[in-house]
């Protein structure tokens with residue numbers, strides 16, 4: 001029996017392209033599908049479009065996590081997530097592990113004929129949106145033996161958005177998440193590491209549902225579809241490539257220009273989300289403190305009582321490599337403590353004020 005994507009028992013979460021209702025496109029990390037279903041097996045029908053790296057699909061069934069490798073060629077395939085299951089109702093979460101190194105179309109779930117299908121738990125009322133880079137996406141997070149060290153050689157196999165500090169934070173706060181994160185991205189076009197040689201920045205990506213030129217036409221996102229209570233801006237990590245101008249001269253023309261554009265970017269988010277709390281930050285991944293100094297300066301200049309600058313205890317000096325699972329756990333704990341310190345007003349509905 002095939003459950004098509006428009007089945008009302010599916011619960012979706014994330015910035016997902018639903019232009020074709022029975023072929024939704026998953027672009028961003030942590031985008032997910034939930035359901036409850038009985039039967040001895042669960043299979044998913046997808047078609048993958050790859051830009052780079054090995055691509056995999058994540059799932060959690062009855063509390064046990066796993067993954068399946070997606071094909072490199074773009075064709076519809078049936079992938080087994082689990083078999084020989086107990087004859088009971090199973091809690092199923094299917095999610096995008098990686099950023100836009102690939103996108104995939106979801107065509108349905110195959111289960112036993114006559115299986116019982118029930119809706120999963122409703123999504124939480126609290127809503128978070130994160131704008132970030134590879135750390136927010138959970139890139140190389142599973143390489144736990146390299147905690148506190150440079151990254152190992154890899155082909156994307158260690159990346160898992162489930163173990164990003166961003167999704168951990170959302171789970172701890174019982175909140176939905178739209179994780180607008182892309183490995184290598186900086187604020188400005190022409191900088192960072194994403195989509196070389198042109199390099200696409202967050203200022204171009206943030207308002208898109210599809211943004212990677214190698215994966216099809218660029219499409220805009222309708223912000224009315226998701227109204228977060230809390231917005232986290234975690235940009236400023238990859239902006240030192242190809243030139244670390246903020247470290248070299250804080251008052252240089254390029255440094256001043258970056259602060260101006262960062263201020264404009266945050267201002268755009270404020271205009272889109274008038275009542276949302278906004279947290280500005282970077283990460284514990286090694287970088288020069290002048291980037292955090294720049295963010296602090298912009299935060300002060302904005303003079304907005306609901307925009308905050310947050311720093312981790314070991315901000316910018318915690319590790320030379322990507323954030324592994326235990327480091328992401330600590331980051332999420334610190335961030336959750338800070339968010340809770342802001343009070344319940346963070347979760348006030350947008351237009352209550």
- line: In the set 129, 204, 139, 145, the lone residue that is at pLDDT 95 or above and over 24 Å from residue 262 (Cβ atoms) is 145
- prompt: Hey, any hits in the range 107-130 for a residue that's buried (at least 21 other Cβ atoms within 10 Å of the Cβ), in contact with a helix residue (DSSP H, G or I) (Cβ under 8 Å, 6 or more places away or on another chain) and either free of Cβ contacts under 8 Å to residues at least 40 places away in the same chain or farther than 30 Å from residue 346 by Cα (or both)?
  reply: no
query: With (1) closer than 30 Å to residue 146 by Cβ; (2) surrounded by 19 or more Cβ atoms within 10 Å (Cβ to Cβ) as the list, and residue 333 as the residue in question, which single condition is left unmet?
result: (2)
task: Working only within the range 309-326, note down all residues that are touching a helix residue (DSSP H, G or I) at 6+ places or on another chain (Cβ under 8 Å) and more than 23 Å from residue 262 (Cα to Cα).
output: 313, 318, 319, 321, 322, 323, 324, 325, 326
Among (1) over 21 Å from residue 264 (Cα atoms); (2) buried (at least 16 other Cβ atoms within 10 Å of the Cβ), the one test that residue 214 misses: (2)
query: Can you tell me which residues in the range 269-305 are touching a strand residue (DSSP E or B) at 6+ places or on another chain (Cβ under 9 Å), buried (at least 17 other Cβ atoms within 10 Å of the Cβ) and assigned to a loop (DSSP other than H, G, I, E, B)?
result: 273, 276, 281, 282, 283, 284
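So that you can scan it fast, the table gives a plain yes or no per residue for (1) more than 30 Å from residue 154 (Cβ to Cβ); (2) touching a residue at least 24 places away in the same chain (Cβ under 8 Å):
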{"position": "251", "(1), (2)": "yes, no"}
{"position": "271", "(1), (2)": "yes, no"}
{"position": "276", "(1), (2)": "yes, yes"}
{"position": "279", "(1), (2)": "no, yes"}
{"position": "292", "(1), (2)": "no, yes"}
{"position": "297", "(1), (2)": "yes, yes"}
{"position": "303", "(1), (2)": "yes, no"}
{"position": "324", "(1), (2)": "no, yes"}
message: List the strands (runs of 3 or more DSSP E) inside the range 89-169, counting only whole elements, that have at least 3 residues being within 26 Å of residue 216 (Cα to Cα) and not assigned by TED's automatic domain parsing to the domain that holds residue 195.
response: 90-96, 102-110
message: Being crowded, with 19+ Cβ neighbours inside 10 Å, over 19 Å from the mean Cα position of the chain (by Cα) and more than 28 Å from residue 221 (Cα to Cα) is the requirement here; does residue 46 meet it?
response: no
- line: Residues in the range 228-242 that are surrounded by 14 or more Cβ atoms within 10 Å (Cβ to Cβ), at negative phi and out of contact with any strand residue (DSSP E or B) (no Cβ under 7 Å at 6 or more places or on another chain) total 3
- request: Answer with yes or no whether residue 222 is under 15 Å from the mean Cα position of the chain (by Cα) and within 26 Å of residue 14 (Cα to Cα).
  value: no
message: Residues that are assigned to a helix (DSSP H, G or I), touching a helix residue (DSSP H, G or I) at 6+ places or on another chain (Cβ under 9 Å), closer than 30 Å to residue 176 by Cβ and modelled with pLDDT of 95 or more: does the range 230-249 have at least one?
response: no
message: If a residue must be in contact (Cβ under 8 Å) with a residue 24 or more places away in the chain, closer than 23 Å to residue 50 by Cα and surrounded by fewer than 18 Cβ atoms within 10 Å (Cβ to Cβ), how many such residues does the range 158-206 contain?
response: 1
query: Does residue 252 fit the bill of being in the same structural domain as residue 184 (by TED's automatic domain parsing), surrounded by fewer than 22 Cβ atoms within 10 Å (Cβ to Cβ), over 27 Å from residue 306 (Cβ atoms) and under 18 Å from the mean Cα position of the chain (by Cα)?
result: no
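The values are calculated or read from the model by the stated rules, or taken from the named source; none is laboratory data. Remember, it's a predicted structure, so these values are computed and weren't measured experimentally. Here the Cβ is made from the backbone with ideal geometry for all residues, glycine too, and neighbour counts use every protein chain on show.
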